Amino acid sequence: ACSTQGPASGPAPGPASGAKAGSGGRITMGFAQVGAESGWRTANTKSVQEAAKKAGIELKFSDAQQKQENQIKAIRTFIQQKVDVIAFSPVVESGWDTVLKEAKDAGIPVILTDRAVDTKDTSLYKTFLGSDFVKEGRSAGEWLTAAYANQQGPVNIVELQGTTGSAPANDRKAGFADVIRGDGRFRIVASQSGEFTRAKGKEVMQAFLKSQKDIDVLYAHNDDMALGAIQAIEESGRKPGTDIKVISVDGIKDAFVAMTEGKINVVVECNPLLGDQLMDLAKKVVAGESVPARVETQEGVFPQDKAAAALPSRKY
Amino acid sequence: MTSQPAPSGAAGGNGRRPAGHRLLWPALVLLALLLGNLAFHHDFLSVRVRDGHLYGSLVDILRFGAPLVLVALGMTLVIATRGIDLSVGSTVAIAGALACGHLSTAARPDSVATTLTAVALALAVALVLGLANGLLVSGLGVQPIVATLILMVAGRGVAQLITDGQIVTVTSAPYKTIGGGYWLLLPFAVLLAAVLVALTAFVIRRSALGMLIESVGGNPTAGRLVGIRAGGLLALVYVFSALCAAVAGLMISSNVSSADGNNAGLWIELDAILAVVVGGTALTGGRFSLGGTVLGALVIQTLSTTVYTLGVPPETTLVFKAFVVVIVCLVQSPVFRAKVIRRRRATTPRPPATAGATPQEQEVRA
Amino acid sequence: MTPPSTAAPTGADGPRPVLEAHGISKRFPGVLALDGVALRLFPGEVHALMGENGAGKSTLIKVLTGVHPADGGTVLVDGRPHTFTDPLQAQRAGISTVYQEVNLCPNLSVAENILIGREPRRFGLIRWSEVRQRAARLLTELELGLDVTGLLDAHSLAVQQLVAIVRAVDVSAKVLVLDEPTSSLDREEVAQLFTLVRRLRDRGVAILFVTHFLDQVFDLCDRVTVLRGGRLEGEYPITELTPMTLVQRMIGGELATLDGLSGRGQGEGAQRAAAEPFLRARGLARTGSIEPYDLDIHPGEVIGLAGLLGSGRTEAARLLFGADSADAGEVSVEGRKVLLRSPRHAIARGIAFCSENRKSEGLVGELTVRENIVLALQAARGWTRPLTRAKQDELARHWIEALDIRPAEPEAQVRHLSGGNQQKVLLARWLLTEPRLLILDEPTRGIDIGAKAEIQKLVARLADEGTAVLFISAELEEVLRLSHRIAVLRDHRMVATLANDDTVTPERLLTTIATGTDS
Amino acid sequence: MSTGTVNAAARPARRVAAVSPGTRARVPLIVTAVLLAVMFAVGSVRYDGFLSAQVVLNLLIDNGFLLVVAVGATFVILTGGIDLSIGSMVALSTMLTAWLVESHGWPLAAVIPLVLLVGAAGGALMGWVIHTFEIQPFIVTLAGMFLARGLCYTISTESVTITDPATTAVAQTRLYGPGGLFVSIPVLVAVAVLLTAFVVLHHTRFGRNLYALGGNESSARLMGLPTGTTKIAAYGVSGLCSALGGLLLTFYTLSGYALHAMGMELDAIAATVIGGTLLTGGSGFVLGTALGVLVLGMIQTLVNFQGTLSSWWTRIVIGALLLVFIVLQRLMGGRRHAAR
Ligand SMILES: Nc1ncnc2c1ncn2[C@@H]1O[C@H](COP(=O)(O)OP(=O)(O)OP(=O)(O)O)[C@@H](O)[C@H]1O
Ligand SMILES: Nc1ncnc2c1ncn2[C@@H]1O[C@H](COP(=O)(O)OP(=O)(O)OP(=O)(O)O)[C@@H](O)[C@H]1O
Ligand SMILES: [Mg+2]
Ligand SMILES: [Mg+2]
């Protein structure tokens, strides 16, 4: 006989709160990663894995290969395995209510990293740890308006978008557009997807350089595309950073190297190294302590002049 | 863009020369795409000399198209044997990762010797991968799509394992030449691809390979009964496909001086298969056309470039591509052409009883 | 022998033709396959459509039944014009057709192949038990006891041909078209088929019948339409023709005679058999297909395999070629024991096998005539030693001429050739490899009488030059005429080997085939 | 010709092999099922919490949509065709559903039929083009793939969350059975689709025509079968299944998103082929497809339970498990159906 409401029978899991650190007090964390689609993401994974080891937390890691279905499956297996806490970087903001409710019913607290989820029921997760893509886009825009504060327009901008439809692409585009919208001098003359990769970034930039007469600024949604585009600019006989200003997001080491060579003008950091912060939060959450609903990672904006100083300490 | 320019000369004649006829339509499609671009950008077709090499959109199309041409070249032979190779994308990634991995740890990455070792390493591993595919298909009789799916899934993991999930950047002038350098005014990659295509065409058509492959693909039972060593032939085409993919992988990674285990060659198998099909080779095996494949690959690359040049917004890019692909395949379909012509003719006499789905075999392969 | 004269009168006030065609033309690139052909079919007649290979018989049938669109002409069914664009429409209009090549689905069961498209249903669901029963019942009409649930693929071509006929006959049609239905059937099956056809004729069905066997025409048919080179030669009541005049109408000249070939086995055969055998098989067998048999084949000797349909002739031959691997017994070639693991091994030892099933096992349809002809030779040489194009052209031209392949165009795609011409291409392929042992499985299938004589002569000449030949044919006369010795198979077992001397008459052979013992 | 001396009754029907052909054709199916069971057993021994009925049910809950689209793919592959538009069509129907329900406030009951209609019509349209103009299915469905995905973007590049109470209720309903085991509504839908497909493929004329078409298209036409309508219908069914799969995915994620179901066509095709259907058409079982889906799901589950694999090792292990599975399947199932 089937009933359609609520867990009628069976081994109903315990209440939603309270520390129940498993055998020997060791905490088990299930971490559902988006994938390994970029160097940034890999750095993020590494940071989590290392921090877990350091903090003495047993990590169950799952890679979703950029598919939400896989992430949901992974969370289900975590519930099945009765982990103490679940953390995950959502592939996409929407569509988590069902599985998070299952986690909640099973009494397993959830921490979001990197991206937030879109839900009305904020009790489904304990806290969010990560960056704000819109803010990154805004920072990029703000740097641009500041840099051109005393100059005449028009400023022709080409934009290399991330994978169409992905959250960072949507948000970085929106944040940037938001800031420059007010200023009539700035015009985005071409905007294409470079799919977050160097090869595509280069290919698209090649085409831009031929189809657009004047390009003053390149805004790339991540460093890889910017690095590819720089090569294209150089091959066309122009100087990146001088003839065409380059703005990029993420802050990988190669980008800092390029900055020291004067090829990138500014990098807006998006920090993947949130492992330690995550483990701290996890311990608190499992122990039943209260945590803030939103924890932002520390991120900066690195213009060219700060690049040389920051380069040696870049970890990813 | 669909307006078909008059075929040059008598090429569109009675279709007595099979090869010429088969290449006609892909060529026309390519021409139409190029002319369509010209309408929007008047210097689209202009090619200048800059810094001692040719510079222009056409050169870009050739250069970025070169890897696709190579992958599609290998794919053509695989498809001719009724197979399919989904693993080329992974092989592209592995080859790039291996070469860059070797260069980045080598003492003197700038030396030609080191670069050659790196290239040899990549090719050797590709050979093994191709052999694995070939053995699964011919030795165990696994369906090609599953056999190569295995490597498609695992291979990308291997590539990332080699690069440790990072993007490996290399600075090596000789290596950079493969995909980004120039020689005799032309991009080296274009020359390399051209040489490989010519060599393949020469070997395939001058030796009996082409005929044997077409027989095995066209009628496997008959192929067995005339004593063709189908197993060896199958293994050979998968190895060749993997080698082509590896060279393409070297070009792609060399062009950006870095190896990206995750994204290099992503979905290139779909593009390659599309190129083969646009080039007039049927997925059901048998007759193949290397020239058609080259044209098909260039059509696809031109299409991407068109999207960037015309400024089609990313959200509508796919819709745009869909329409172009539909038009391309309609124009290529002899049945469609016959129907259009018939309709136009039918305006004077009474319309003939619906022609239905009559097998216009005579035109398909005439 | 004379059929009851139900033949329709041709007078103006006679019954109306059920199917009538006028001025039918059909052009393929480079060939005018039909040029203003006319045909009339009356209810209750068996009408033969005759012509050489490539005369346009199959094309006419395909145009009439909507497979190919006609370029010109009209088709009337029951006096009303019809244009079929799909075989389905023709079938719905009461024309049921067996096309020349077996056109069935090898991946479906026998029962399904017979009944697909009109399976008995209840509430939209197929009633499988009834399908099986009905299929089995229909097969017994031709006295064929098959497991109807087995895949069609598992059966020999002859069985497939019968299944196709059963499928066509089951439709309650006004017109039944049979394009060379008897090409690989033995006497027994032919007789059964004819009984069935007569029964249908008596029910008022019009039957269009294509064959290359003249005696079958005179045995069964009421009227004859003759095509020559795509044109209508004429329409005759059978009573007005003799075999000789019919042949003259078909080829437009005199036929070379076959005399001098018959009875070749005598004396000479024993002499050839005395030599060291080229191939010696001992206890060769394969479970489920053929029981252990011994066979010696000497150079210059023609061995005929006789047996009923499905008696295992093909399967015995395939073992000698490595097409199937034997699971018992051994083979030695020229005294040396060999393992025939695959056709390649057999070919390397000078053995060639010309399959009965040219469509699925023989030709590569998309390739040209030239390529199909040189294929076996090329495969034997390996890909590194290609035949030059000039050499290929030379070989192709030579054999096109030698076997009179039409059209004489080496670059034509083989799938566009007529059935008989395809068969010649297949023969050419193997002949040019100059084999030491040539296995011919139904080599004269679908070949017109003129060409048949040529091929028989060719076989005789090859044997005289020292080639060993294993000759399989459903036509006993042919086997008797050519062979030095005849091995008889029955029920997948080799039951007797007869030296073909004066004592071997068709009757004696038939008895051996039927009873399994040589009396 | 009157020598009817040979009595046909003297030739009884022979049995070619010991097992009936029907059984022989099902051997790969049985092998696949056995291997699946072995995988489950290995998982149970290795991992805590693996040996439970809920793990099996989760396999259905998490792969229900894949099962539905793979069933659709089976129809097309049986005809010897291929449908690359599956994944995009799934994404399009999640997007359409979410957009209509959320942004336009349409009732779910109205949206479902509409989405299904769009899917079926889209599929049939592709089938029509393939049939009428004799264009290779690969290109036509690739164009369909581009178009459907492109239409998603034109609706919205952002994901659309569904908050509509009716939809949420359907999505979150759990049907509890004995022992606290539960399944979701989509599971029931998927199983129903599977059974329907089985009946259609094996017990209706349409189903048999599909097999005939895949066996030999020109023969099927000469046999007087309606090849055109059959082919169009096959693609229609695939489109319908994709749309339905999309609806199930919508319930699964309660959202519409243009990037959903990326590459799902490959999963669907792979599941079909692993399940023993020949890509060249004409041979295969829809129940095999279900097993194929379960195999893919089981591999995923094993990897998730392992929980110590880095991203790339995940891929390598998935590939390796697939390899082991395929090789065993071939070796145990015999080579009769060698790839062509
Ligand atoms: N699809 C096609 N394309 C091109 N030529 C064709 C095609 N079909 C038939 N032909 C040509 O039409 C002519 C008539 O062929 P058809 O098959 O009708 O001969 P036939 O009388 O049936 O001969 P056979 O006795 O050998 O079966 C031949 O020359 C053949 O090559
Ligand atoms: N009357 C029959 N009943 C059952 N099975 C049959 C019958 N006739 C043939 N078969 C099947 O067909 C298969 C093919 O037989 P084989 O190819 O050896 O026949 P054959 O002697 O060459 O005769 P032919 O080629 O004239 O059919 C055999 O495996 C046999 O099982
Ligand atoms: Mg014929
Ligand atoms: Mg036979």
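The values are calculated or read from the model by the stated rules, or taken from the named source; none is laboratory data. Quantities reported herein were computed from a predicted structural model and do not represent experimental measurements. Counting neighbours? That spans all protein chains shown, and the Cβs are built from the backbone with ideal geometry, glycine included. Keep in mind that these areas ignore ligands, DNA and RNA; they rest on the heavy atoms of the full protein, side chains included. Shrake-Rupley method; radii C 1.70, N 1.55, O 1.52, S 1.80 Å.
Quick one: what pairs do we get from the stretch B:105-126, first residue in a helix (DSSP H, G or I), second among the polar types (S, T, N, Q), C-beta under 7 Å, 6+ apart or different chains?
Close Cβ pairs (under 7 Å, with a partner that is among the polar types (S, T, N, Q)) amount to B:T115/B:S172; B:A126/B:T91.
If C:S473 satisfies every condition in (1) within 25 Å of C:L367 (Cα to Cα); (2) more than 14 Å from chain B (Cβ to nearest Cβ); (3) within 16 Å of ligand 4 (Cβ to nearest atom) but one, which is the exception?
Failed condition: (1).
Tell me the residue from D:G284, D:G307, D:G297, D:G276 that is open to solvent by less than 10 Å² (accessible area, probe 1.4 Å) and more than 9 Å from every other protein chain (Cβ to nearest Cβ), please.
D:G284
Select from the stretch C:197-217 the residues that are open to solvent by 20 Å² or more (accessible area, probe 1.4 Å) and part of a loop (DSSP other than H, G, I, E, B) and write down the one among them that is nearest to ligand 1 (Cβ to nearest atom).
C:F213
Write out, first by first residue and then by second, each pair whose Cβ atoms fall under 6 Å of each other, whose residues are 6+ apart or on separate chains, and whose first residue, in the stretch C:411-440, is within 13 Å of chain B (Cβ to nearest Cβ) and assigned to a helix (DSSP H, G or I) while the second is within 16 Å of ligand 2 (Cβ to nearest atom) and open to solvent by less than 20 Å² (accessible area, probe 1.4 Å).
Sorted first by the residue in the stretch C:411-440, then by its partner, the pairs are C:Q422/C:R358; C:L426/C:C354; C:L426/C:R358; C:L426/C:G362; C:W430/C:C354.
Within the stretch C:313-350, work out how many residues are open to solvent by 30 Å² or more (accessible area, probe 1.4 Å), within 13 Å of ligand 2 (Cβ to nearest atom) and more than 14 Å from chain B (Cβ to nearest Cβ).
1
Give the stretch C:294-306 a look and list any residue that's open to solvent by less than 10 Å² (accessible area, probe 1.4 Å) and not in a loop (DSSP other than H, G, I, E, B), or say none.
C:L295, C:I297, C:V302, C:I303, C:G304, C:L305, C:A306, listed by residue number.
Kindly list, by first and then second residue, each pair from a residue in the stretch C:75-99 that is on the phi > 0 side of the Ramachandran plot to a residue that is of a type outside the set (F, W, Y) and surrounded by fewer than 22 Cβ atoms within 10 Å (Cβ to Cβ), limited to pairs with Cβ atoms under 6 Å and residues at least 6 apart or on different chains.
From residues that are on the phi > 0 side of the Ramachandran plot, the pairs are C:G79/C:R16; C:G94/C:A173; C:G94/C:K174.
Give the residue that is nearest to ligand 3 (Cβ to nearest atom), with candidates limited to residues of the stretch C:166-179 that are open to solvent by less than 10 Å² (accessible area, probe 1.4 Å) and either farther than 23 Å from C:E52 by Cα or more than 13 Å from every other protein chain (Cβ to nearest Cβ) (or both).
Looking at residues that are open to solvent by less than 10 Å² (accessible area, probe 1.4 Å) and either farther than 23 Å from C:E52 by Cα or more than 13 Å from every other protein chain (Cβ to nearest Cβ) (or both), I get C:L178.
I'm checking my understanding of the structure. Among residues of the stretch C:140-158 that are open to solvent by 60 Å² or more (accessible area, probe 1.4 Å) and more than 7 Å from chain D (Cβ to nearest Cβ), which one is nearest to ligand 3 (Cβ to nearest atom)?
C:D153
Check the stretch B:125-138 and report whether any residue there is within 9 Å of chain D (Cβ to nearest Cβ), crowded, with 23+ Cβ neighbours inside 10 Å and of a type in the set (V, I, T).
Yes, the stretch B:125-138 contains a residue that is within 9 Å of chain D (Cβ to nearest Cβ), crowded, with 23+ Cβ neighbours inside 10 Å and of a type in the set (V, I, T).
Which ranges mark the strands (runs of 3 or more DSSP E) fully within the stretch A:58-129 that have 2 or more residues being away from chain D (no Cβ under 11 Å) and more than 16 Å from the chain's Cα centre (by Cα)?
A:85-88
In this structure, is A:Y125 surrounded by 17 or more Cβ atoms within 10 Å (Cβ to Cβ), more than 30 Å from A:K213 (Cβ to Cβ) and out of contact with any helix residue (DSSP H, G or I) (no Cβ under 6 Å at 6 or more places or on another chain)?
yes
Can you find a residue in the stretch A:125-142 that is closer than 17 Å to A:A282 by Cα and modelled with pLDDT under 90?
Yes, the stretch A:125-142 has at least one match.
Taking the criterion of being β-branched (V, I, T), farther than 21 Å from A:Q192 by Cβ and facing chain B (nearest Cβ under 7 Å), would at least one residue in the stretch D:136-145 satisfy it?
Taking every residue of the stretch D:136-145 in turn, at least one turns out to be β-branched (V, I, T), farther than 21 Å from A:Q192 by Cβ and facing chain B (nearest Cβ under 7 Å).
Give the number of residues within the stretch C:290-312 that are within 14 Å of chain D (Cβ to nearest Cβ) and within 16 Å of ligand 4 (Cβ to nearest atom).
Here the count works out to 8.
Take the conditions away from chain A (no Cβ under 14 Å), touching a residue at least 24 places away in the same chain (Cβ under 8 Å) and surrounded by 16 or more Cβ atoms within 10 Å (Cβ to Cβ) and apply them to D:F198. Does it pass?
The answer is yes for D:F198.
What are the pairs with Cβ atoms under 6 angstrom where one residue, in the stretch A:45-70, is surrounded by fewer than 20 Cβ atoms within 10 Å (Cβ to Cβ) and the other, located anywhere, is modelled with pLDDT under 95 and assigned to a loop (DSSP other than H, G, I, E, B)? Sequence gap at least six, or different chains.
Pairs found: A:E58/A:R26.
Exactly one of these conditions fails for C:T287: (1) away from chain B (no Cβ under 14 Å); (2) under 17 Å from C:I472 (Cα atoms); (3) in contact (Cβ under 8 Å) with a residue 40 or more places away in the chain. Give me its number.
The number of the failed condition is (2).
Being open to solvent by 10 Å² or more (accessible area, probe 1.4 Å) and touching a helix residue (DSSP H, G or I) at 6+ places or on another chain (Cβ under 7 Å) is the filter here; which residues of the stretch C:86-97 pass it?
C:T97 - this is the single residue of the stretch C:86-97 that is open to solvent by 10 Å² or more (accessible area, probe 1.4 Å) and touching a helix residue (DSSP H, G or I) at 6+ places or on another chain (Cβ under 7 Å).
Out of curiosity, is A:D171 open to solvent by 10 Å² or more (accessible area, probe 1.4 Å), within 27 Å of A:R115 (Cβ to Cβ), more than 14 Å from chain B (Cβ to nearest Cβ) and out of contact with any strand residue (DSSP E or B) (no Cβ under 8 Å at 6 or more places or on another chain)?
Judged against the criteria, A:D171 is a match.
Tell me which helices (runs of 4 or more DSSP H) are completely within the stretch B:192-264 and hold 3 or more residues being more than 7 Å from every other protein chain (Cβ to nearest Cβ) and open to solvent by 20 Å² or more (accessible area, probe 1.4 Å), or say none if there are none.
Passing ranges, in order: B:230-255.
Among C:R508, C:R490, which is the only one that is within 14 Å of another protein chain (Cβ to nearest Cβ), touching a helix residue (DSSP H, G or I) at 6+ places or on another chain (Cβ under 7 Å) and open to solvent by 10 Å² or more (accessible area, probe 1.4 Å)?
C:R490
Among the residues of the stretch C:399-421, is any crowded, with 24+ Cβ neighbours inside 10 Å, within 16 Å of ligand 2 (Cβ to nearest atom) and not aliphatic (A, V, I, L, M)?
No, because not a single residue in the stretch C:399-421 is crowded, with 24+ Cβ neighbours inside 10 Å, within 16 Å of ligand 2 (Cβ to nearest atom) and not aliphatic (A, V, I, L, M).
If D:T163 meets every condition in (1) open to solvent by 30 Å² or more (accessible area, probe 1.4 Å); (2) assigned to a helix (DSSP H, G or I) apart from one, which number is that one?
Evaluating D:T163 over (1) open to solvent by 30 Å² or more (accessible area, probe 1.4 Å); (2) assigned to a helix (DSSP H, G or I) leaves (2) as the failure.
Testing C:T83 on (1) out of contact with any Pro (no Cβ under 7 Å at 6 or more places or on another chain); (2) more than 11 Å from ligand 3 (Cβ to nearest atom); (3) closer than 18 Å to C:K174 by Cβ; (4) open to solvent by less than 20 Å² (accessible area, probe 1.4 Å), one condition comes back false. Which one is that?
(4)
In this structure, does D:A234 turn out to be part of a helix (DSSP H, G or I) and in contact with a Gly (Cβ under 7 Å, 6 or more places away or on another chain)?
Taking the combined requirement at face value, the residue satisfies it.
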